[in-house]
Every structure is written in structure tokens, then in C-alpha cells.
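Engineer: Supplied in C-alpha cells, the structure appears directly below.
The values are calculated or read from the model by the stated rules, or taken from the named source; none is laboratory data. Owing to the predicted nature of the structure, the values given are computational and were not obtained by experimental measurement. We place every Cβ from the backbone using ideal geometry, glycine too, and count neighbours over all the protein chains shown.
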């Protein structure tokens, strides 16, 4: 009895796994040849190192598991119906038909009903998903009745089982050979740590003492560093591609690898292991920077469902994410820190490139107890960011989250990184945060200093700690890291390596600009040029007139625009040339990724 129960349970688990693999593989094939117009998640399955591995395993294992587990379904169906009819009911047909019809329904909806799948709330989306799934089940029943007992069906099942076994062995052997015989480089490890929404003035000894002490003793501190955009998706895409938004445009699709190669792709091509531990949901579904990672972990992904490829698909991936989505909390960062520490202490056969992305201190602010004043607890429960009267309370909670993540990194992470003499460490942010300094709250709404100026700390083996005043941009970070690792910089990268030692402070002009956060994308886009000490902000659509000029050395708060003069004219010409150069590099044949969904933006506090 125990043996029979165990066998049944294992067969059922195998059937479930087979369905998942088959679903992912079939959907990836369809999306590869006909990318969706509108979907929850641009399919990345065939475009990332990890995704390709899942896909090939899916294709190989689908046949083996589906038709092997089909015997269990056959027995169940024969017991209920076969005794009367004498006809065999291939259980595999149920799975195949359900997959085929459900995929067809989702395929049609994603291409014909633009935006129809982005329903925002959990219940409407799951009802929509359930309706399409029910269509697949109904078709499955019909197919079972149509092909049950047919000789050609049984022969096809046996053939696919043999092909599946041979394919699985071949894929497993090829993957083992790729991992084993890939050349092992001799460069340093590279670790990038992103603290989301960490503005420049939140890096100070009184607020983040552990990070400040680590930087003073081990790293080069860049006092003047700017992101390329004021919100996550375009900012991180620029950081990883070394391109401005008007060039990379958050592209997705196989051709994007040629015109917008990522930092992870460059390191992996050189033989590095590449891994990512990410806590920001926008970077899961809408950014092309997941390309090139052997191991990409989103903070609430179930290891089992991740292994089955559930999160990489457009059909059941959104449903699983909707069911499993959790509210960001301090526990998220604690879990991320544990995984971070384990990765650093693991024995590595080859150098690695690791990216860790914390959501602290991103809005909405909810630091754990002990990191906020007792009177501010009400502002965590009653979060109304549009009320200017609460700006100081929200700012205190924001700084509480900064202090919290600083304490998280101290016990295990920072000492481990400080003791490693063969690792380049970058600690920075994707953008800053505004607290009504210029009429805006949080980020993604302007290019003023609080929103785009960020801390930047780089520790390089053999380079003495220093504080540099050279203006630098995130667009230059990717080529800088490749140069430090001794790797070739892709020609598509617009950034150039910046200094990591004391030298002239002049630097090159820094450009900032991208559309603002959806659904604010209809607002007028502003771009900025920093040629220290001057900063020029101008309308992107019409740079020939207007604009505000600030002297950041004398007016760090950007309160008093200077009158237009010869400097204004020179900067206007320079930023117009930058706009022309970036837009002229944009190939017109590549699709652009859709913006973040309303559900994601609402969950992250962008919209109320």
C-alpha cells in the first residue's frame, strides 16, 4: 500500500513537472518566432543563459515525463470509463491538448487585445487566466475522446519518449561540457550592490556608519556621481548596457544582444559565472538586463517553480507571480542578505560577476521597529505621500530604511568584501529620491539633484582609498568595470572608463534624461547636462529655447536659476548634439519593451 501510494505521488509530481516543462518550451517557441504585442512579461526564455538552459531542458524532458506519467492517467481513466468502452484514454492527450489550446487562447489575447492582460488587481487577472485555462481543459476532454485508443497515437507517444530520452542525455552532456570546458579567466571577481532610491546625501557617517567606514578604508568615493535617469528601469538598463535611454530604449528581443549588449553578457562571454539576487519586481519582467545571467533569482521565487521555468513565460508565469506576490518588507532584505552572504562564502571554480539589488530604501517606507520614532508609526500605516505636511515624517522613515540596510550589510557582507583582495566592489543606487524640494515626491518625475545624484563607491584591488570630485555617470560604469577586469569594451557602449585614482577633476560632461515614470509619461520630459559646476535643464522636445541654468557649487539646492549667457549657449549646443548622437544610434528595427504595468507601479508606491 505504501509503495503504491508513493508511486502514485511520484507519478503525479512527474506529470505536474512535465506539464510545466512542456508549457514553457512550447510557449517559448511561439514567442520566439512571433513576439507578443502586449503581455505581462516580454519573454526572455531564449535570450538569457539561464533561460536557454531551462528551455532546452523543457523540450527534452517534456516528452520523457509527459508520456511516462501518462500511464498513470491512462489507468485512472480506464478504471472509470475504459471498463465499459474498452477504449484506451491516453492521459498524455489531456496535458497536450490543455497546453495547446490554453497557449492558443493566451496567444490570441496577448496579440489582439493590447493591454488586456494587464488587469492590475489580482482577482480580475486570475478570472481571466482561469477562463483561458478552462478552455484548454475542455479541448483536452474533446481530444481524449477523439484519439483515445488510436494506434498512431500510441506509436507517437513511444517515439517521443525515445526522442525525449536521447535529447535529454544530449542536452545534459552539452551543458556539462559547456560548464566544464569553458575557459577559466584570471580576472578579479566583480560585485555590484544597488540600494534602490538611495540619494547622495543619505550616504554619511551619521546615517550609514558601516557603509561609510567601509568606503573610507577600502574604496574610492565619488563625490559627484549621477544616474542616467530618475527611475529604475531606464537607469538600470543604462548602467548595464553603457548606453543612454534614447539608444537602448529598454529593448527586448534577440537582436538587442547585438546592439545593446549587457555587462553580464560581456562577463559571461569571458568565462565568468554570472548571478543576480534581485528584490525589485520591475527588473524581473521589463528590463533586458537579465540577459547574460547563469543564475537569476527574484526575491520571492519558489526554487521549485524557478527550476521548472514557471516565471519565464507569458502564460502561466503571470498567474504564478500574481498568486505568490508579496508585499515588500524588512524580511525581504534579510532573506536577500542571507543569500548574498552564502554566495560570497561559496567555493567558486571561476571568477564571478554578482549583482545584488536591495529595495530599501524605496517607497513605500516601512522600516522595522527600532528604525523610526514611535510617533512616526502612523505614517507607515497611513501612507499618503501627496500630503506635503508629512514630508518630514516620510523623510525620517526613508532614512530609517537607509540605516536598516546599513546594519544588514555590516555583520557578514562588508567584512567579507573588505577581506577579499581579488574582488572589485561597486556600491551605488539606481536613482535618488525627492521630498518636495521642487514640488515632487519620490522619484521618476524630474532631473533635479535629489532624484538623479547618487552615492558611488568602488573598491578595486591594489587601489588606495580616496575621495574623488571628478564628475562621473552611470553610463560609464560598465566600460569602467570591463576595463578594470581586463576585458574588451563592446563598441556599442557609449560610456567610457573613468578614473579610479586621484587625478584631474575636470571629467567629461554628464547627461541625464529619459521619459518619466508611467503613467506620468505624458508629462513634459526634461533632460540635464552637468558640466561642473554648471547644470543645464532643458525640455527634451524643444532644446532650442528656454531651460534653467544652475551653478551647483554655489547653489547646490538648485533654487536660483542663472540668467542666460554665453555659458547657456555653449551648454545648449552640447546637449543638442548629445540628443542627436544618442537618437541616431537607435536602430529602428528593434522592438521596445513595454512600460511597467500599473499593478507593479502601484505595488512599489509609484502611484496611489
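Engineer: Scan (1) surrounded by 24 or more Cβ atoms within 10 Å (Cβ to Cβ); (2) modelled with pLDDT of 95 or more for the single condition residue 479 breaks and write down its number.
Structural biologist: (1)
Engineer: Test residue 508 against the criterion of being within 25 Å of residue 433 (Cα to Cα), touching a strand residue (DSSP E or B) at 6+ places or on another chain (Cβ under 7 Å), in a loop (DSSP other than H, G, I, E, B) and modelled with pLDDT under 95, and give yes or no.
Structural biologist: No: the conditions fail for residue 508.
Engineer: I've got another one for you. Among what's in the stretch 540-557 and is surrounded by 11 or more Cβ atoms within 10 Å (Cβ to Cβ) and without any contact (Cβ under 8 Å) to a residue 12 or more places away in the chain, pick the residue that is nearest to residue 471 (Cα to Cα).
Structural biologist: Applying the filter and picking the extreme gives 555.
Engineer: Do any helices (runs of 4 or more DSSP H) entirely within the stretch 335-437 hold 2 or more residues that are modelled with pLDDT of 90 or more and surrounded by fewer than 20 Cβ atoms within 10 Å (Cβ to Cβ), and if so, which?
Structural biologist: Qualifying helices (runs of 4 or more DSSP H): 391-409, 413-419.
Engineer: Would you mind stating whether residue 215 is within 25 Å of residue 414 (Cα to Cα), out of contact with any helix residue (DSSP H, G or I) (no Cβ under 9 Å at 6 or more places or on another chain) and modelled with pLDDT of 80 or more?
Structural biologist: So residue 215 fits the description; yes.
Engineer: Looking at (1) outside any strand (DSSP E or B); (2) within 17 Å of residue 524 (Cβ to Cβ), find the lone condition where residue 564 falls short.
Structural biologist: Failed condition: (2).
Engineer: Which members of the stretch 438-478 meet the condition of being in contact with a helix residue (DSSP H, G or I) (Cβ under 6 Å, 6 or more places away or on another chain), in a strand (DSSP E or B) and within 24 Å of residue 537 (Cα to Cα)?
Structural biologist: Once the filter is applied, which keeps residues that are in contact with a helix residue (DSSP H, G or I) (Cβ under 6 Å, 6 or more places away or on another chain), in a strand (DSSP E or B) and within 24 Å of residue 537 (Cα to Cα), the stretch 438-478 yields only 453.
Engineer: Still on this model: From 220, 193, which residue is surrounded by fewer than 24 Cβ atoms within 10 Å (Cβ to Cβ), in the same structural domain as residue 479 (by TED's automatic domain parsing), in contact (Cβ under 8 Å) with a residue 12 or more places away in the chain and under 18 Å from the mean Cα position of the chain (by Cα)?
Structural biologist: On inspection, the qualifying residue turns out to be 193.
Engineer: Something else about it: How do the pairs read when you match residues in the stretch 376-388 that are under 17 Å from residue 443 (Cβ atoms) with residues anywhere that are surrounded by 11 or more Cβ atoms within 10 Å (Cβ to Cβ) and at pLDDT below 80, using Cβ under 8 Å and keeping only pairs 6 or more apart or on different chains?
Structural biologist: 383/605; 385/605
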